[in-house]
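*Asks:* To start, I am sharing the structure in question, which I have written as structure tokens.
The values are calculated or read from the model by the stated rules, or taken from the named source; none is laboratory data. Since this is a predicted model, take the numbers as computed values, not measurements. Don't worry about glycine lacking a Cβ; one is built from the backbone with ideal geometry, like all the others, and counts go over all protein chains shown. For accessibility, only protein heavy atoms count, side chains too; no ligands or nucleic acids. Shrake-Rupley method; radii C 1.70, N 1.55, O 1.52, S 1.80 Å.
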Amino acid sequence: MAKATEHSFEEIGELAAGLDALETAKDGGVKRSARVLNSVAPLLAVAVVVAVWQLAIVITKVPGWVLPSPDQVWQAIARQAQSGLLWTSAGNSLRKGVEGFLIALAIGLPLGIALGLNKWLRAIFRPLLTGLQQLPSVAWVPAAIIWFGLSDATIFAVVLLGATPSIANGLISGIDQIPPIYLRAGRVLGARGITYIKDILLPAAWPGFLSGVEQGWAFAWRSLMAAELIAINPALGPGLGQMLDTARQLGDMAWVLGTILVILTVGVLVERLVFAPLRNRTLRNRGLVR
Amino acid sequence: MSAPILKIEHLSKQYAAGGPTIIDDLNLSLQPGEFVALVGASGCGKSTLLNILTGLETKTSGNIDLGAEAALMFQEHALLPWLTAGKNIELALKLVNYPKAERKARAQRLLELVHLPHAYDQRPHELSGGMRQRVAIARALAQGRKILLMDEPFAALDAITRDLLHEELVQIWEETGLTVLFVTHNVREAVRLAQRVILMSSRPGRIIKEWQIESAEPRRIESKIVSDLSLVITEELRKEIKRHG
């Protein structure tokens, strides 16, 4: 048979290399200044809040037991940090929050896959799931106390009921947002069953699912604080919620505000150190950044 | 003539009983190693045919005898964006149970075959449209099928890139001995690539006519034989399209 192409493999390769170089000219990536702005700007907000707070106290002269100064709040927290109670409380709460979140993930994942793939299951259970997601999970605290007493089981039940619906719902949305071409490609390549779920469906659903996971964590953390604040029992050990309640009982406003700030800070740190890098990496890898 | 590697007899497809017929009594057979192009206007059921052949859709009636499994390439590159070019190919290898220890080396060789020796760690979004389609070709080859079905794979590319990919594809076809069924609405592309061009009607999709291309010379899109035959086929295609007016 006559040769079907007039150029050699090497000649075509040279042409391809030239064309590829022309078509993939790099545009530098994210500017350094933009990165600095993103990490420094939030600190400005903190500075502004503290300044306004201090100013308000100077102008209105409200007594310290109504609104303590930033310095008093800082002192209160520093005291707890020195005594060690702050660290054991924060550590304990964070550990329970993470454990509850991971269990919620383990339940929400198969639930989301099942409802994402089966339209019957979805039609039956999704409204219930969405309803649960809307329900403030603190509403479960009284029921959980009756069922499980003032125990860790109560805390975990509330955290799970808070986080699981968000995670499952997030996965369903993630599956719905998958461009059909990826699923077709997976089928054509021969992915079936567990392999299809693990290698095609879940990674394809990940960008949408990630916001559900993030929301799931936020709900887990909130539910935990609500549960700790209400279900008080020395047997449960120290926690940020318990600390908040102790400070209230002592009427120590600086300590109350300080604890609120600690709870806020833990939330911000988890977002900044865990979810933001995860989100950025996902967007960057898939070329979804603008 | 040897036994056909793909034989389609009296194939019909309707999406709903009593609904419009998408493919009507289609008969087609491909010899091993043959390069056949299927040309037709919109609604000729080209894509439906390929979907039926790969099991993505079901047929309504008729017989399909596939002598070997087929790989399918789409118009969109369909690379998975969470995997690098190399890992996309490795996934295809994994799904046909290619030995794990040899996947990486095999993927690299396939990338070299499509002239992308440095693309292993690049992500789909970092590649140009033409490069993505070449990775997609490499991924289809990774499946090790004897038949390659291509659904307008170059339709979204610019003319310069398409010209290059035509030459690459023909070279790969010649070297691997693959049987190729290439679907396109671009008559010139069909004549430039294939040994046999088949013209389909639209609504319902039927085979109207076919042309065998005997050429000792390597063809280019600019070749006289390509433009001459394209004119003839385009006239037939226009006649068929007018019928719907």
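*Asks:* If you average the C-alpha positions of the stretch A:117-142 and of the stretch B:73-128 separately, how far apart do those two centres end up, in angstrom?
*Replies:* Here the answer is 40 Å between Cα centres.
*Asks:* Counting heavy atoms of the protein chains only and a 1.4 Å probe, report the per residue accessible area for chain B as a whole number of Å².
*Replies:* Working: 10410 Å² over 245 residues.
Using a 1.4 Å probe on heavy atoms only, each residue of chain B averages 43 Å².
*Asks:* Go through the stretch A:171-267 and name the trypsin sites (Lys or Arg not before Pro) that are in a DSSP coil and have 15 or fewer other Cβ atoms within 10 Å of their Cβ. Please list the in-between numbers first.
*Replies:* Working: sites: A:Arg184, A:Arg187, A:Arg192, A:Lys198, A:Arg222, A:Arg248; in loops: A:Arg192.
Passing both the DSSP loop test and the Cβ count: A:Arg192.
*Asks:* From the Cα trace of chain B, what convex hull volume per residue do you get, rounded to a whole Å³?
*Replies:* Details: hull volume 33.6 nm³, N = 245.
About 137 Å³ per residue, rounded to a whole number.
*Asks:* Turning to a different aspect of this structure: Give me the tail of P(r) for the protein assembly as shown as a percent: Cα-Cα pairs with distance above 46 Å.
*Replies:* On the way: 50343 of 142845 pairs.
Value for the protein assembly as shown (Cα pairs over 46 Å): 35 percent.
*Asks:* Considering the alpha-carbon set of the stretch A:1-138 alone, what are its Rg and its Dmax in angstrom?
*Replies:* Values for the stretch A:1-138 (Cα only, Rg and Dmax): 30.2, 98 Å.
*Asks:* What is the magnitude of the charge dipole of the stretch B:19-168 about its Cα centre, with +1 placed on the Cβ of each Lys and Arg, -1 on the Cβ of each Asp and Glu, and no other charges, expressed in debye to the nearest 20?
*Replies:* Working: 16 positive and 18 negative charges, 149 e Å.
Magnitude of the dipole: close to 720 debye.
*Asks:* Any idea what log10 I(q)/I(0) is at q = 0.12, 0.14 Å⁻¹ for the stretch A:105-171, Debye with uniform C-alpha scatterers and no solvent?
*Replies:* Reported log10 I(q)/I(0), two decimals: -0.33, -0.44.
*Asks:* Quick one: Kirkwood hydrodynamic radius for the stretch B:34-174, alpha-carbon pairs, angstrom, one decimal?
*Replies:* Working: mean 1/r = 0.0628 Å⁻¹.
Radius from the Kirkwood sum: 15.9 Å.
*Asks:* Now for a different question. Given N residues in the stretch B:1-81, what is its alpha carbon radius of gyration divided by 2.2 N^0.38 Å?
*Replies:* Details: Rg = 13.7 Å, N = 81, 2.2 N^0.38 = 11.7 Å.
That works out to 1.17 for the stretch B:1-81.
*Asks:* For a quick check: with amide H placed at 1.01 Å from N, whose amide H comes under 5 Å from B:Phe154's, ignoring anything fewer than 5 positions away on the same chain?
*Replies:* Distant-sequence amide H within range of B:Phe154: zero hits.
*Asks:* Return, for the Cα atoms of the stretch B:166-245, the radius of gyration and Dmax in Å, separated by a comma.
*Replies:* 13.5, 44
*Asks:* Roughly speaking, to the nearest percent, how much of chain A's 1.4 Å accessible area is carbon and sulfur? Let's see the in-between values first.
*Replies:* Values: 11080 of 16090 Å².
For chain A, the apolar C and S fraction of the accessible surface comes to 69 percent.
*Asks:* Amide H neighbours of B:Lys209 under 5 Å, counting only residues 5+ apart in sequence or on other chains, H built in-plane at 1.01 Å?
*Replies:* B:Leu199
*Asks:* Report the calculated FRET efficiency for A:Val36 and A:Glu99 (r = Cβ-Cβ distance, R0 = 35 Å), to the nearest 0.05.
*Replies:* Details: r = 36 Å, r/R0 = 1.03.
Step by step, r from the Cβ atoms, then E = 0.45.
*Asks:* For the pair A and B, how large is the buried accessible area, both sides, in square angstrom to the nearest 100, if the probe is 1.4 Å? Mind showing how you got there, number by number?
*Replies:* Values: alone 17970 and 12250 Å², together 26510 Å².
Approximately 3700 Å² gets buried when A meets B.
*Asks:* I'd like to verify something in chain A: which complete DSSP H helices, judged by Cα projection on the helix axis, reach 24 Å or more and average at least 0.5 on the Kyte-Doolittle scale? Can you show the working numbers first?
*Replies:* Details: long enough: A:32-60 (42 Å, 1.65); A:85-117 (47 Å, 1.19); A:152-176 (36 Å, 1.26); A:202-230 (40 Å, 0.64); A:253-270 (26 Å, 2.54).
Taking the DSSP H segments of chain A (at least 24 Å long, mean hydropathy at least 0.5), we get A:32-60, A:85-117, A:152-176, A:202-230, A:253-270.
*Asks:* Another question about this same structure. PRE reach from B:Ser29 (point 7 Å along Cα→Cβ): which of the stretch B:47-66 fall under 19 Å by backbone N?
*Replies:* The answer is B:53, B:62-66, whose backbone nitrogens lie closer than 19 Å to the label point.
*Asks:* How much of the DSSP bridge set in the protein assembly as shown is antiparallel, in percent, rounded to the nearest 5?
*Replies:* Values: 16 of 35 bridges.
So the antiparallel bridges amount to about 45 percent of the total.
*Asks:* Something else now. For the stretch A:55-206, just list the percent of Cα-Cα distances falling in each 10 Å bin from zero outward, please.
*Replies:* Using 10 Å bins, I get a P(r) of 10, 24, 22, 20, 14, 8, 2, 0 for the stretch A:55-206.
*Asks:* On to the next question. Filter the chymotrypsin sites (Phe, Trp or Tyr not before Pro) in the stretch A:50-125 down to the DSSP loop ones having no more than 16 other Cβ atoms within 10 Å, then list what survives. Let's see the in-between values first.
*Replies:* Working: sites: A:Trp53, A:Trp65, A:Trp74, A:Trp87, A:Phe101, A:Trp120, A:Phe125; in loops: A:Trp65.
Answer in residue order: A:Trp65.
*Asks:* Another question, if that's okay. Please compute the average number of Cβ atoms from other chains found within 10 Å of each residue's Cβ in peptide A:10-23. Intermediate results must be reported in sequence, preceding the final value.
*Replies:* Numbers: counts 1, 1, 8, 6, 1, 6, 11, 4, 1, 9, 11, 1, 2, 8.
For this peptide, the per-residue mean of nearby foreign Cβ atoms is 5.
*Asks:* With both bridge residues required to lie in chain B, what share of the DSSP beta bridges run antiparallel, to the nearest 5%? Each step should come with its number before you reach the end.
*Replies:* Numbers: 16 of 35 bridges.
Of the beta bridges lying entirely in chain B, close to 45 percent run antiparallel.
*Asks:* Let me ask something else. Go ahead and set up a Gaussian network model of chain A, Cα springs under 10 Å, then flag whichever of A:Leu102, A:Leu273, A:Leu161 fluctuates most.
*Replies:* Result for chain A, Cα springs under 10 Å: A:Leu273 fluctuates most.
*Asks:* Right, something else. Starting from the Cα of B:Ser42, step 7 Å along the direction of its Cβ; do the same at A:Ala78; then give the gap between the two resulting points in nm.
*Replies:* A separation of 7.3 nm, rounded to one decimal place.
*Asks:* To one decimal place, what orientation-averaged projected area in nm² is obtained for the convex hull of the Cα set of the stretch A:227-273? Don't skip to the end; give the middle numbers.
*Replies:* Values: hull surface 14.2 nm².
Mean projected area for the stretch A:227-273: 3.6 nm², to one decimal.
*Asks:* Right, another one. Let me check against my output: what whole-number percent is the relative contact order of the stretch B:164-228, with C-alpha pairs under 8 Å and at least 6 apart?
*Replies:* On the way: 50 pairs, mean separation 15.7, N = 65.
Relative contact order here is 24 percent.
*Asks:* Would you calculate the separation in nanometres between label points at A:Arg248 and A:Leu261, each defined as 7 Å from the Cα along the Cα-to-beta-carbon direction?
*Replies:* If labels sit at A:Arg248 and A:Leu261, their model points lie 2.0 nm apart.
*Asks:* Could I ask something else about it? Let me know the Rg and Dmax you get for chain A when you use only its Cα atoms, in Å.
*Replies:* My reading of the Cα-based Rg and Dmax gives 26.1, 98 Å.
*Asks:* When the label point is put 7 Å from the Cα of B:His185 along its Cα-to-beta-carbon vector, which residues of the stretch B:57-81 have a backbone N closer than 15 Å?
*Replies:* B:75-76
*Asks:* So how far apart, in nm, are the two label points at B:Asp65 and A:Ala276 if each is 7 Å from Cα heading toward Cβ?
*Replies:* Distance between label points: 6.6 nm.
*Asks:* Taking H placed 1.01 Å from N in the peptide plane, check which residues at least 5 places from B:Leu38 or on another chain put their amide H under 5 Å from its amide H.
*Replies:* Excluding prolines and chain starts, which carry no amide H, the hits are B:Phe182, B:Val183, B:Thr184, B:Ile198.
*Asks:* Then there's this: Going by a 1.4 Å probe on protein heavy atoms, which residues of the stretch A:272-289 end up with at least 20 Å² less accessible surface in the whole assembly than in their chain alone?
*Replies:* Buried by 20 Å² or more upon assembly, which counts only protein chains, are A:Asn285, A:Arg286, A:Gly287.
*Asks:* Okay, next question. For chain A, what does the relative contact order come out to in percent, with C-alpha contacts under 8 Å and a separation of six or more? Please list the in-between numbers first.
*Replies:* Values: 260 pairs, mean separation 63.4, N = 290.
Value for chain A: 22 percent.
*Asks:* Quick one: among B:Glu175, B:Glu210, B:Glu167, which has the greatest mean-square fluctuation in a GNM of chain B with alpha-carbon springs under 10 angstrom?
*Replies:* B:Glu175
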